[in-house]
Amino acid sequence: AAMAGGARRLYRRILQLHRALPPALRDLGDRYVKEEFRRHRAAGPAEAQRFLREWEATLIQQQINEDKQNLREKAVYGIQLTEENLNDFRDEQIGQLKELMDEATKPHKKITISKDSEYKT
């Protein structure tokens, strides 16, 4: 029960951080987070703990990026994954990353990239 409460709090904090993203990235990020949390509902205790730990680290990195962004007013999204990070992923997770990359880099997708509502395609 405590794990479930912690997962809900973490889930809400991640979605709150996504509010600062441009609409297209927010939608993509929200869908991804929702799917990931749904997939791990029935995970065993060890896997659930690792899942939450990884998302907590992601959340902290997002907050750091947001703080840096506020200081220099330039949008920076995402983090660079190291080879060590990638080696820890299961084949299913690598497939999910590929799907996410494909979705995020679809041609002709308009994403707001600056505060002045300028669009790039």
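In segment 2-60, which chymotrypsin sites (Phe, Trp or Tyr not before Pro) are in a loop and have at most 15 other Cβ atoms within 10 Å, using DSSP for the loop call?
none
Once you put a point 7 Å from the Cα of Arg12 and another 7 Å from the Cα of Met101, both along the Cβ direction, what distance in nm separates them?
Reported label-point gap for Arg12 and Met101 is 3.5 nm.
Convert each backbone phi in segment 28-39 into a coupling constant with the Karplus relation 6.51 cos²θ - 1.76 cosθ + 1.60 (shift: θ = phi - 60°), then list the ³J(HN,Hα) values in order as whole Hz, x for Gly and Pro.
4, x, 4, 4, 4, 4, 4, 5, 4, 5, 4, 4
Once you wrap a convex hull around the alpha carbon atoms of segment 16-61, what is its projected area averaged over all directions, in nm²?
For segment 16-61, the mean projected area of the Cα convex hull comes to 3.3 nm².
Bear in mind these aren't lab numbers, they're just calculated from the coordinates by the rules spelled out. Just so it is clear, the model here is predicted, and its values are computed rather than measured. When we count neighbours, we look across all protein chains shown, and the Cβ atoms used for this are built from the backbone with ideal geometry, even at glycine.
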